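The values are calculated or read from the model by the stated rules, or taken from the named source; none is laboratory data. Values in this document were obtained by computation on a predicted structure and should not be read as measured data. We place every Cβ from the backbone using ideal geometry, glycine too, and count neighbours over all the protein chains shown. Side chains are part of the model used for accessible areas, which takes the heavy atoms of the whole protein and leaves out ligands, DNA and RNA. Shrake-Rupley method; radii C 1.70, N 1.55, O 1.52, S 1.80 Å.
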Amino acid sequence: MSADLWAPSASIETLKQRAAILRRIREFFYARDVLEVETPSLSAASVTDVHLASFNTTFVGPGHAGGLPLFLQTSPEFAMKRLLAAGSGAIFQLCKAFRNEEAGSHHNPEFTMLEWYRPGFDEFALMDEMDELMQLVLGVEPATRLTYQQAFEKALGLDPLTASIEQLKQLACKQGFADIAQNETHKDTLLQLLFCMKVEPTIGQEKPCFVYHFPASQAALAQICEHDTRVAGRFELYYKNMELANGFNELTNASEQAKRFNEDNAYRAENGLKQVPMDTRLIKALEHGLPQCAGVALGIDRLVMLATNKEKIKDVIAFDVQRA
Amino acid sequence: MANYSTNEFKGGLKIMMDGEPCSILENEMVKPGKGQAFNRVRIRKLISGKVLEKTFKSGESVEGADVMDTDLAYLYTDGEFWHFMNNETFEQIAADEKALGDSVKWLVENDLCTITLWNGSPIAVTPPNFVELEITETDPGLKGDTAGTGGKPATLSTGAVVRVPLFVQIGEVIKVDTRNGEYVSRVK
């Protein structure tokens, strides 16, 4: 530990701006009668998502002399859905989320997330509401919208929904990613590589841009679209080379959700990743009945970076991981 | 040589790329909220000097390069090789023109230079930040002129050409910053 790093990584002036943004966000939701909630940071289960790594710890104390394994949550999604199933109605939360293995100019292993859920909304109604929040906080013009297919095709001239893995490999090689592409066996990895490196820089430069209808294979916790089963009710918001938010028309089907968790763990087993216990309380809540709803998670630190014109995430948080 | 995972990437790390030793300049993690993480890395190839951008899948490993820097005193050149010596062990190493590159114009006898060795062979020579060299050729300047004016070109004993103030004359020794090739001062 270096004692020299005692001082904050963000300026006090930036922290004041940050506080003002948090206040405006809370007022936005109070005015719309969305209930503020708090859910556990430590939970007995975690996400099975193969690309997320949780921190874990052990509680030792009354009732748990032998130790209770707990995970720091990568997002408050599961607990918030249990509240929705219990009849909470529209809810929002501003909280810390924790992700191991992530650090960089846009990542800190501990970060602040705004997550909210709207029963009765589909992903398009939620995009509308989010757009209003962006205009309020960033003073930007209304966002543009593109389907994943449109954004990909426009930037790279290939239809991501019909392209074969061979075509994607060829395209990735042509774009300078031969080392990764040659041995890649997952179509989604190639899509993510090309989308991150080549599509994102072409969208949302002037005003925020929603990309919706992500491929069904990257649905995560979103419903598959009825009109086209190749895509899911999942959207992302991009602005100035920053991925700001991820939203879903939420999957409410308990058995489909359990199936996806099991598939994740099967992939983990094949690829030498740790098994993650499935959140059976979430599954039970879905069985009890999750109202049809849309939900979205937004990275507050990145939002503050955009609002204050800062290049690095450490410039907007009091103490980044190097100083924590 | 050890392998390095992307988590060990940082500025200055030496790795092998396309059969050439490289030095990492910058390393940035790029990761979508839902999806595979990548490392976008800026790399300098140590032999060609080329700087390029390279993307790795996070978690991958790359072969390290056996590259080390050593400070050696410059002795002499035989026209084909430039000879350097370790002042403690008296061990000598000869570097060729390719390893020398532009550094050849800043070599002063007995100055300590940094020699970059790859698998024991020199691939780069970095002169000290400041060297003192004699002026062999320059236009006569006006007496009383100060360093503030535009200056004039002067050729040094090694063939290097630097801009010097008008008052500096042939035969004088000057101090030069080798990193930008700029005149610093006269040496009395």
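A compact table of results
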| quantity | calculated |
| --- | --- |
| Elements of type strands (runs of 3 or more DSSP E) contained in the range A:210-324, each with 3 or more residues being at pLDDT 95 or above, among the aromatic types (F, W, Y) and open to solvent by less than 50 Å² (accessible area, probe 1.4 Å) | A:234-239 |
| Scan of the range B:153-188 for residues that are without any contact (Cβ under 8 Å) to a residue 12 or more places away in the chain and assigned to a loop (DSSP other than H, G, I, E, B), ordered by number | B:N180, B:K188 |
| Selection from the range B:163-181 of residues that are of a type in the set (D, E, K, R) and under 15 Å from B:K152 (Cβ atoms) | B:R163, B:E172 |
| B:M29 within 9 Å of another protein chain (Cβ to nearest Cβ), open to solvent by less than 60 Å² (accessible area, probe 1.4 Å) and touching a residue at least 24 places away in the same chain (Cβ under 8 Å) | yes |
| The range B:1-24 residues that are surrounded by 13 or more Cβ atoms within 10 Å (Cβ to Cβ), paired with ones that are at pLDDT below 90 (beta carbon under 6 Å, 6 or more apart) | B:E20/B:I47 |
| All positions within the range A:44-70 that are of a type outside the set (F, W, Y) and either in contact with a helix residue (DSSP H, G or I) (Cβ under 7 Å, 6 or more places away or on another chain) or not in a strand (DSSP E or B) (or both) | A:A44, A:A45, A:S46, A:V47, A:T48, A:D49, A:V50, A:H51, A:L52, A:S54, A:P62, A:G63 |
| Residue match in the range B:60-68 (condition: within 14 Å of another protein chain (Cβ to nearest Cβ), charged (D, E, K, R) and over 21 Å from the mean Cα position of the chain (by Cα)) | yes |
| Members of the range B:124-140 that are under 16 Å from the mean Cα position of the chain (by Cα), surrounded by fewer than 19 Cβ atoms within 10 Å (Cβ to Cβ) and either polar (S, T, N, Q) or farther than 30 Å from B:L166 by Cα (or both) | B:T126, B:N129 |
| Cβ pairs under 7 Å, 6+ apart, first in the range A:184-201 and under 16 Å from A:L244 (Cα atoms), second at pLDDT 95 or above and in a helix (DSSP H, G or I) | A:F195/A:F152; A:V199/A:A151; A:V199/A:F152; A:V199/A:A155; A:V199/A:L156 |
| Answer residue from the range A:96-118, given it is surrounded by 20 or more Cβ atoms within 10 Å (Cβ to Cβ) and farther than 23 Å from A:V50 by Cβ and is farthest from the other protein chains (Cβ to nearest Cβ) among those | A:R118 |
| The range B:32-59, subset in a loop (DSSP other than H, G, I, E, B) and within 9 Å of another protein chain (Cβ to nearest Cβ), residue farthest from A:A245 (Cα to Cα) | B:G59 |
| Residues satisfying the stated conditions in the range A:144-165, i.e. part of a helix (DSSP H, G or I) and over 24 Å from A:D264 (Cα atoms) | A:Q149, A:Q150, A:A151, A:F152, A:E153, A:K154, A:A155, A:L156 |
| Hits in the range A:119-138 - residues which are farther than 23 Å from A:A232 by Cα and either crowded, with 17+ Cβ neighbours inside 10 Å or not charged (D, E, K, R) (or both) | A:L133, A:M134, A:Q135, A:L136, A:V137, A:L138 |
